[in-house]
Amino acid sequence: MEIAFITAIVLLAAFVLLAMFDGLYLHLMRYKLYAHTESRNEHISHTVRAILFPIILYFLYLGTSDTAFYIGLAVIVIDILVLGADAYMEKDSRTFMGGLPRWEYILHLMVNGFHFASIAVFIVIKVRLEPHGLMLVHNFQNVPQFHLFKTIVEQLIPGGILMGLLHFALLFPKPVLIYNRLSAKLKCC
């Protein structure tokens, strides 16, 4: 179980680092997907996924009841459906830039692979097959790696909420104007 928690930590960290590069830098700063008519629906799908991420963190990873776990699973199913819609519309969404670059397509595969692999590893940790059926484990207090995992997840929730709020705000003209003024001052992207 200790190795499984370490694996989940590594996968979650890889996901977060790549997702920040992809979602914040590429989508919002460099390509400004929110600003193009063709990519509006893609930005909406990214917004929904950005909002779902801290919900998954809270209910799936930190939840201490069967209900929380099942809510987390339901949110994951929604996340997968939104990901499918996002992937479907991506070709048309990126016509303003000549299509999705191959390297960004590969990045998307890696980001989502790490995301869902971390979820799968945690589900393996959380669900135990007993002689009388499946049992959900809620107490990992005796596993030292769990405390590090829990701390990391708790630290990711506020950032995930901020990313969701930023994506949501960029659906509206006034926040877009403010964001564009601020990002123009950075002159980095």
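The values are calculated or read from the model by the stated rules, or taken from the named source; none is laboratory data. Predicted, not measured: the structure shown is a model, and the values here were computed from it. Positions of Cβ are generated from backbone atoms using ideal geometry, with glycine treated the same way; all protein chains shown enter the neighbour counts.
Structure notes:
- Any hit, segment 21-42, residues being over 27 Å from residue 183 (Cβ atoms) and surrounded by 18 or more Cβ atoms within 10 Å (Cβ to Cβ): no
- Being under 28 Å from residue 148 (Cα atoms), in contact with a Ser or Thr (Cβ under 8 Å, 6 or more places away or on another chain) and either among the aromatic types (Phe, Trp, Tyr) or modelled with pLDDT of 95 or more (or both) is a property that residue 12 has.
- Selected residue [surrounded by fewer than 21 Cβ atoms within 10 Å (Cβ to Cβ), among the β-branched types (Val, Ile, Thr) and over 30 Å from residue 177 (Cβ atoms)] from 77, 48: 77
- Cβ pairs under 7 Å, 6+ apart, first in segment 111-131 and touching a residue at least 24 places away in the same chain (Cβ under 8 Å) and closer than 11 Å to residue 4 by Cβ, second polar (S, T, N, Q) and outside any strand (DSSP E or B): 121/7
- Qualifying residue in segment 81-98 (condition: at pLDDT below 90 and either in contact with a Cys (Cβ under 7 Å, 6 or more places away or on another chain) or buried (at least 16 other Cβ atoms within 10 Å of the Cβ) (or both)): yes
- Among the residues of segment 153-189, those that are under 19 Å from residue 49 (Cβ atoms), among the aliphatic types (A, V, I, L, M), in contact (Cβ under 8 Å) with a residue 60 or more places away in the chain and part of a helix (DSSP H, G or I) comprise 153, 156, 157, 161, 163, 166.
- Identity of the residue in segment 157-171, within 12 Å of the chain's Cα centre (by Cα) and surrounded by 19 or more Cβ atoms within 10 Å (Cβ to Cβ), that ends up farthest from residue 15 (Cα to Cα): 164
- Residue list for segment 70-103, restricted to those being assigned to a helix (DSSP H, G or I), of a type outside the set (A, V, I, L, M) and under 20 Å from residue 48 (Cα atoms): 70, 72, 79, 84, 86, 88, 90, 91, 92, 93
- Tally, over segment 1-54, of residues that are out of contact with any helix residue (DSSP H, G or I) (no Cβ under 7 Å at 6 or more places or on another chain) and outside any helix (DSSP H, G or I): 1
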